[in-house]
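Asks: Quick one: this structure, given as structure tokens, is what I'll be asking you about.
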Amino acid sequence: MSRERVSRNATFAFAAQMIGAVLTAGLTIFLARALTPEQYGFFTFGMSVLTIASLFADLGITSSTGRFLAERRDDPEGAAAVFRTALRLKLRVSLIASAALFGLAGPICDLFGAGGAEWVLRGLSLALFGQSVFLLLLGSFIALGVIRYNVVLATAESVVEVASAIVLVLLGAAATGAAFGRAIGYAAGLAVGLLVASNVIGRIRTRSAHRSHRHPPVSERRILSYAGPLLLVDAAFRVFASIDVLLISAIVGAGSPVAAYGLAMQLAVFLDYPAAALSSAVAPRLAGAGRSDVRLFEQSTRYLIALQMLFTAPLVIWPEAIVELLFGHGYPEAPDVLLALVPYVFLSGIAQITTLSVNYLGEARRRVPIAFAMLSVNVALNLVLLPRIGIVGAAIGTSVAYAIWVPAHVWIMHRRVDLPLRPLLTTTVRACVAGAAMVGALALLGTGDVSLQVMALGAVVGPAVYVAALFLLRELTRADIAVVRAAIARRAGG
């Protein structure tokens, strides 16, 4: 199994991420405008419950499988055997979880005062099965270094989901239609994914004339054994991703408050897709943890820090204008939530690469106390702030929790592979200074709910000022430009 270049893998990962992200963003904008705030709030509530339910449909199997596959990149027979074992296990677990969620949808909605979301949640329970197995396929291709296939899978799933959801909503099915559209999309994506995986695994299997004995066989028990610590981390992280919406529903109220928070968070999540793409290409290489791979990790993390600050700066000065442009006038609380999520947006890019890398290094157990510390801080801040300042309190809790999560993972990388910390800290400081310069430049163009013309001008002026500041601070040099040019040349050369 030949290893594709990191630059090409990053390109394919970026394409897969952005196809799904752009179509999902388009669907989010459509739903925010086509549904009432209450209906969109019910859909957001259902998605939050789905996030927790997906834990029981996965049990850490996807991440555990990725670790074993990454170790067998150059062992085709071993990789194929791991994949087949994991797929059988995942199909059984996902089916049970999906059926359980369908049956418990009513009581769950009643518990959080969101009775109007019952059939939304039932539609999402059908999506759970396809989504869970689909993510195993995506993760397997990432671990094997054949990320190009994820472009096909992401396109198939996203196109069918968006088309189905839009048609059902326009036919009057409201939030329930969006939920069943998601189920249809993942059913289509899973069908395509299994077909592609069958062809890829078959080709991997036939490249070697003899069975390889370089790695011991991996049983279902071994996958679940390594998945144990991953499951604990995954549980904490999925609860972390959902607890804000659930507590808002219980303390502030379901419907409009949930919708305003959910839209701001959706935009924040969208802004870390480029980081996720690069992370998918770089992190699996650390399974071997060679010095060149550690240097690649350091360089990639530096670039991600700079990139995330570029995305973060406009949120500081123009949150009202951004929310109004994308989602309309029905969510007046969303700009304040988006502003409170600024630290989360900046840290999320770094979180992508450090979290994946720690997994591939086999250090999942060291993440468990960090995950529960992050979750505990977030829940505590939610309980204190939500009754006092409303949904902005949930955003503050999320940002503070990520300020624990990310540095802790960087420290694990430092201890595990001797990752230098000073260059990353220097890059962070310089990026913050350059980001402040960008915010200042945008403020000169206007503040508050600025016009579309001003935002278009800012999209040119802001990045120009930011990049110029990075050069003045010597964070970017001609050597970095040469790296980018070389990467582009390699991609163009195939």
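The values are calculated or read from the model by the stated rules, or taken from the named source; none is laboratory data. What you see is a predicted model; the values in this text were computed from it and never measured. Positions of Cβ are generated from backbone atoms using ideal geometry, with glycine treated the same way; all protein chains shown enter the neighbour counts.
Asks: Restricting region 170-196 to residues that are among the aliphatic types (A, V, I, L, M) and closer than 17 Å to LEU121 by Cβ, which is surrounded by the fewest Cβ atoms within 10 Å (Cβ to Cβ)?
Replies: Residues of region 170-196 among the aliphatic types (A, V, I, L, M): 170-171, 173-175, 178-179, 183-184, 187-188, 190-192, 194-196.
Going one step further and asking which of them are closer than 17 Å to LEU121 by Cβ, we end up with 173-175, 178-179, 183-184.
Numbers: ALA173: 17, ALA174: 22, ALA175: 26, ALA178: 30, ALA179: 27, ALA183: 23, ILE184: 21.
For region 170-196, the residue satisfying everything is ALA173.
Quick grid of which residues meet (1) of a type outside the set (S, T, N, Q); (2) modelled with pLDDT of 95 or more; (3) within 26 Å of ARG474 (Cβ to Cβ):
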{"position": "ALA289", "(1), (2), (3)": "yes, no, no"}
{"position": "GLN299", "(1), (2), (3)": "no, no, yes"}
{"position": "ILE305", "(1), (2), (3)": "yes, no, yes"}
{"position": "LEU341", "(1), (2), (3)": "yes, yes, no"}
{"position": "ILE353", "(1), (2), (3)": "yes, no, yes"}
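Asks: Kindly provide the set of residues from region 242-257 that are aliphatic (A, V, I, L, M) and within 20 Å of the chain's Cα centre (by Cα), ordered by number.
Replies: Within region 242-257, ILE243, VAL245, LEU246 qualify.
Asks: Exactly one of (1) free of Cβ contacts under 8 Å to residues at least 40 places away in the same chain; (2) more than 27 Å from the chain's Cα centre (by Cα) is unmet by THR447. Its number?
Replies: Of the numbered conditions (1) free of Cβ contacts under 8 Å to residues at least 40 places away in the same chain; (2) more than 27 Å from the chain's Cα centre (by Cα), the odd one out for THR447 is (1).
Asks: Follow-up question, since we're still on this one. Is region 411-422 home to any residue that is surrounded by 15 or more Cβ atoms within 10 Å (Cβ to Cβ) and over 22 Å from ALA236 (Cβ atoms)?
Replies: Yes, region 411-422 contains a residue that is surrounded by 15 or more Cβ atoms within 10 Å (Cβ to Cβ) and over 22 Å from ALA236 (Cβ atoms).
Asks: In region 113-124, what count of residues is obtained for those that are buried (at least 24 other Cβ atoms within 10 Å of the Cβ) and closer than 14 Å to SER48 by Cβ?
Replies: Number satisfying all stated conditions: 5.
Asks: A follow-up question, please. Can you run down the residue pairs with Cβ atoms below 9 Å, 6 or more apart or on separate chains, where the first is in region 347-359 and under 16 Å from THR398 (Cα atoms) and the partner is among the charged types (D, E, K, R)?
Replies: Every condition considered, the pairs that remain are SER348/ASP272; GLY349/ASP272; ALA351/ASP272; GLN352/ASP272.
Asks: Moving to a separate point now. How many residues are under 26 Å from LEU421 (Cβ atoms) and of a type in the set (D, E, K, R) if we restrict to region 295-346?
Replies: Of the residues in that region, 3 qualify.
Asks: Additional query: For region 43-145, which fully contained helices (runs of 4 or more DSSP H) count at least 2 residues that are closer than 23 Å to ALA178 by Cβ and at pLDDT 85 or above? Don't jump to the end; show me each part of the working.
Replies: Details: elements: 61-71, 76-111, 118-144.
Ranges flagged: 76-111, 118-144.
Asks: Being of a type outside the set (Val, Ile, Thr) and either within 13 Å of LEU315 (Cα to Cα) or in contact (Cβ under 8 Å) with a residue 24 or more places away in the chain (or both) is the filter here; which residues of region 452-465 pass it?
Replies: LEU452, MET455, GLY458, ALA459, GLY462, PRO463
Asks: For region 128-143, indicate whether the set of residues that are buried (at least 21 other Cβ atoms within 10 Å of the Cβ), in contact with a Pro (Cβ under 7 Å, 6 or more places away or on another chain), in the same structural domain as SER225 (by TED's automatic domain parsing) and more than 25 Å from VAL258 (Cβ to Cβ) is non-empty.
Replies: Yes; the residues of region 128-143 include at least one that is buried (at least 21 other Cβ atoms within 10 Å of the Cβ), in contact with a Pro (Cβ under 7 Å, 6 or more places away or on another chain), in the same structural domain as SER225 (by TED's automatic domain parsing) and more than 25 Å from VAL258 (Cβ to Cβ).
Asks: Hey, can you tell me all the residues within region 127-141 that are in contact with a Leu (Cβ under 9 Å, 6 or more places away or on another chain) and hydrophobic (A, V, I, L, M, F, W, C)?
Replies: Those that are in contact with a Leu (Cβ under 9 Å, 6 or more places away or on another chain) and hydrophobic (A, V, I, L, M, F, W, C): ALA127, LEU128, PHE129, VAL133, PHE134, LEU136, LEU137, LEU138, PHE141.
Asks: Oh, and also: Among the hydrophobic types (A, V, I, L, M, F, W, C), touching an Asp or Glu at 6+ places or on another chain (Cβ under 7 Å) and on the phi < 0 side of the Ramachandran plot: is that true of LEU95 in this structure?
Replies: No: the conditions fail for LEU95.
Asks: Of all residues being closer than 30 Å to GLY123 by Cβ and small (Gly, Ala, Ser) in region 66-104, which is nearest to the chain's Cα centre (by Cα)? Just the residue, please.
Replies: My answer is GLY66.
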